[in-house]
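Participant: Below you will find the structure I want to go over with you.
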Amino acid sequence: MNNSFDLQFSHLGIFVTDLELMTRFYGEALGMVMTDRGNLGEIQLVFFSTTPDEHHQLVLAAGRPAEIDFNVVNQISFRLGSLGALQALHKRLAQFPVTDIQPVTHGISWSVYCRDPEGNRIELFVDSPWYVDQPIREPFDLDRDEDEILRETEAFCRALPGFTSREKWQAKLRAKIEARNKT
């Protein structure tokens, strides 16, 4: 399939029950910036971004019925710039009404999973310098020193199938995408 139109993911919108609570959470807990807020017909919308390159990366829309007991959104994932930033945000989450906080390594990344105030699954993650075959999910202690986490994660990854550097894996994937785009 030719991908000459350069498809890239841009943003996600979710319906919420308590728009004010969710606006505070994404703005204060995760540090996203509200770019706009208003009504589109009957629906109240709040737009958030973390970059001036995107007007919005997340849209909260009022109107999710409270009695719905299943959420079709598996998770909303946010990439952070460093392991130190992930450690700081992990500590910050304790100040907010989140549940099910789980630090895990996937080998390819370090993640903190939690449920936002309305139960939506959030993943906050940082890429590691390694690649291993997926899926992998291993709990780890995010309160340790960054160097210790790096050493232990590398040792863990080296024992897993598919171990290589992120750069080598990216080059292999790049070649695969380019080959697909030529067809």
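Just so it is clear, none of the values below were taken in a lab; they were calculated from the coordinates. Source: prediction; values computed, not measured. Neighbour counts run over all protein chains shown; Cβ positions are idealised from the backbone, glycine included.
Participant: Just to verify a number: FRET efficiency for Thr17 and Asp141, C-beta to C-beta distance, R0 = 35 Å, to 0.05?
Facilitator: Using R0 = 35 Å, I get an efficiency of 0.55.
Participant: Moving to a separate point now. Find out how many positive minus negative residues lie around Asp145, taking Lys and Arg as positive, Asp and Glu as negative, among other residues whose Cβ is under 11 Å from that of Asp145.
Facilitator: Around Asp145, the charge tally is -4.
Participant: Have a look at Leu12, Asn71, Ala94 and report the one farthest towards the positive end of the charge dipole of the stretch 1-130, computed about the Cα centre with Cβ charges (Lys/Arg +1, Asp/Glu -1).
Facilitator: Ala94
Participant: With a 10 Å Cβ neighbour count serving as the proxy for reagent exposure, in which order, fewest first, do Ser10, Ser128 appear?
Facilitator: Lowest count first: Ser10, Ser128.
Participant: Ranked highest first by the average count of other Cβ atoms within 10 Å around their residues, in what order do 142-148, 107-113 fall?
Facilitator: 107-113, 142-148
Participant: OK, next. Quick one: if you stick a label point 7 Å off each Cα along the C-beta vector at Arg151 and Arg121, how many nm between them?
Facilitator: That separation, rounded to one decimal, is 3.3 nm.
Participant: 7 Å from Cα along Cα→Cβ at both Asp36 and Glu67: what's the point-to-point distance in nm?
Facilitator: The answer from the label model is 3.4 nm.
Participant: I would also like to ask the following. Grab the other residues whose beta carbon is less than 14 angstrom from that of Arg121, score K and R as +1, D and E as -1, and report the net.
Facilitator: Net charge around Arg121: -2.
Participant: Less than 15 Å Cβ to Cβ from Val104, Lys/Arg counted +1 and Asp/Glu -1: what total charge do the surrounding residues give?
Facilitator: Net charge around Val104: -3.
Participant: If the only charges are +1 at each Lys and Arg Cβ and -1 at each Asp and Glu Cβ, what is the size of the charge dipole of the stretch 137-183 around the Cα centre, to the nearest 20 debye?
Facilitator: 820
Participant: Mind checking the dipole of the stretch 73-183: about its Cα centre, +1 per Lys or Arg Cβ, -1 per Asp or Glu Cβ, Debye to the nearest 20?
Facilitator: That gives a dipole near 680 debye.
Participant: A further question on this structure: Can you tell me the orientation of helix 146-158 relative to the chain, as the angle in degrees between its alpha-carbon axis and the longest Cα principal axis, to the nearest 10?
Facilitator: Helix 146-158 sits at roughly 60 degrees to that axis.
Participant: Run through all the Cα pairs of the chain and give the fraction in each 5 Å bin from 0, expressed as whole percent.
Facilitator: For the chain, the pair-distance distribution reads 1, 7, 13, 16, 16, 15, 13, 10, 6, 2, 0, 0.
Participant: Please get the size of the charge dipole for the stretch 1-70, origin at its Cα centre, with Cβ charges of +1 on Lys and Arg and -1 on Asp and Glu, quoted in debye to the nearest 20.
Facilitator: 60
Participant: Now for a separate question. If I model a spin label as a point 7 Å beyond the Cα along the Cα-Cβ vector, how far apart are those points for Glu28 and Ala159 in nm?
Facilitator: The answer from the label model is 4.3 nm.
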